[in-house]
Amino acid sequence: MPDGRAAGADPQLIVALDLPSLEEARRLIDLLRPSVQWFKVGLGLFTAAGLAAVESVHRAGGRVFLDLKLHDIPTTVAAAVSSAAGLGVGMLTLHLAGGEGMARAAVEAGRQAREAPWLLGVFRLTSDPPAARAGGTWDTLVTTAARAAASLRLDGLIAAASEARLVRSTTAPGFLIVSPGVRPVGVSADDHARTATPAETVRAGSDFLVVGRPITRAPDPVAAAQRILEEMRAAMTTAAMQ
């Protein structure tokens, strides 16, 4: 696998259910299963539909990436992690700006859960342009975040494809990289400032590719998802031959 992919498995697609209603989310889940296993429930849908959004993914046999970017006092975040574990969530995000105490409380809560979700650190949103890249300061920011997440025993980091190789070289095998901002060629970047194609993201070494609007707003979401999956498979085949 390129760049020593964390779990030794092929990268997987996560479809972001950034939709205004539970009904629309359910329709999309039913369309994309079983081709897609992972679905992201973010702040918008979770606020609108609550636990029903998570339950809808599970009912269809899928797995949930709960992207709430937890950022609160340690006790509150620990309680949220415990609750998410009880819901059977597979991945959960927390913001590294919350500090070490918050992150450690989250990790400890996960350890005490019967089936803990993977905890993923967030350090910068992909809507933020890498304005600090000049002089290497952006790379320093990425490296610092990756090292902090690993030292706190988080399972991985949310990082754009352009940062994945640096994160991979900074962390030990098994550390997960989840990349948002994935856009096929010719598709609008929307409000993402740091984007890459599915093939570029696979070659960079990301374990999970998060795609929302290129699928959810496509005239044929199933065909759009299949094209992305095919591009991912082709990139993996090419990498394996090198």
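The values are calculated or read from the model by the stated rules, or taken from the named source; none is laboratory data. Predicted model, so just to flag it, every value in this text is computed and none were measured. Cβ sites come from the backbone with ideal geometry, for glycine too, and all protein chains shown count toward neighbours.
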Open item on the list: Being small (Gly, Ala, Ser) and either within 12 Å of Gln12 (Cα to Cα) or crowded, with 16+ Cβ neighbours inside 10 Å (or both) is the filter here; which residues of the range 227-241 pass it?
Closed with: Ala235, Ala239
- [ ] For the range 95-106, enumerate the residues that are closer than 13 Å to Ala148 by Cα and within 19 Å of the chain's Cα centre (by Cα).
- [x] His95, Leu96, Ala97, Gly98, Ala103
Task: the range 79-91, subset closer than 26 Å to Thr126 by Cα and of a type in the set (A, V, I, L, M), residue farthest from the chain's Cα centre (by Cα) - done: Ala80
Task: Inter-residue pairs, beta-carbon under 6 Å, first aromatic (Phe, Trp, Tyr) and in the range 110-128, second outside any helix (DSSP H, G or I), 6+ apart - done: Trp118/Met91; Trp118/Asp155
Task: Failed item in (1) touching a residue at least 12 places away in the same chain (Cβ under 8 Å); (2) in contact with a helix residue (DSSP H, G or I) (Cβ under 9 Å, 6 or more places away or on another chain); (3) surrounded by fewer than 16 Cβ atoms within 10 Å (Cβ to Cβ); (4) over 27 Å from Gly98 (Cβ atoms), with Val36 passing the rest - done: (3)
Task: Selection count where residues are assigned to a loop (DSSP other than H, G, I, E, B) and in contact with a helix residue (DSSP H, G or I) (Cβ under 6 Å, 6 or more places away or on another chain), scope the range 20-32 - done: 0
TODO: Look at Val89 and say whether it is of a type in the set (Val, Ile, Thr) and either free of Cβ contacts under 8 Å to residues at least 24 places away in the same chain or in a helix (DSSP H, G or I) (or both).
DONE: no
Open item on the list: Being more than 18 Å from Ser35 (Cβ to Cβ) and hydroxyl-bearing (Ser, Thr, Tyr) is the requirement here; does Thr216 meet it?
Closed with: no
Open item on the list: Within the range 94-116, does at least one residue satisfy the condition of being farther than 16 Å from Ala80 by Cα, modelled with pLDDT of 80 or more and assigned to a helix (DSSP H, G or I)?
Closed with: yes
Task: Val54 being touching a residue at least 12 places away in the same chain (Cβ under 8 Å), hydrophobic (A, V, I, L, M, F, W, C), in a helix (DSSP H, G or I) and closer than 13 Å to Met91 by Cα - done: yes
Open item on the list: Tally up the residues in the range 66-86 that are within 20 Å of Leu176 (Cβ to Cβ) and either of a type in the set (D, E, K, R) or in a strand (DSSP E or B) (or both), please.
Closed with: 5
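Conditions tested, residue by residue: (1) of a type in the set (D, E, K, R); (2) farther than 25 Å from Met232 by Cβ; (3) crowded, with 16+ Cβ neighbours inside 10 Å.
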site: Thr144; (1), (2), (3): no, yes, no
site: Ala160; (1), (2), (3): no, no, yes
site: Arg165; (1), (2), (3): yes, no, yes
site: Pro173; (1), (2), (3): no, no, no
site: Ile177; (1), (2), (3): no, no, yes
Open item on the list: For the range 33-51: of the residues being part of a helix (DSSP H, G or I) and among the aliphatic types (A, V, I, L, M), which is nearest to Leu120 (Cα to Cα)?
Closed with: Leu43
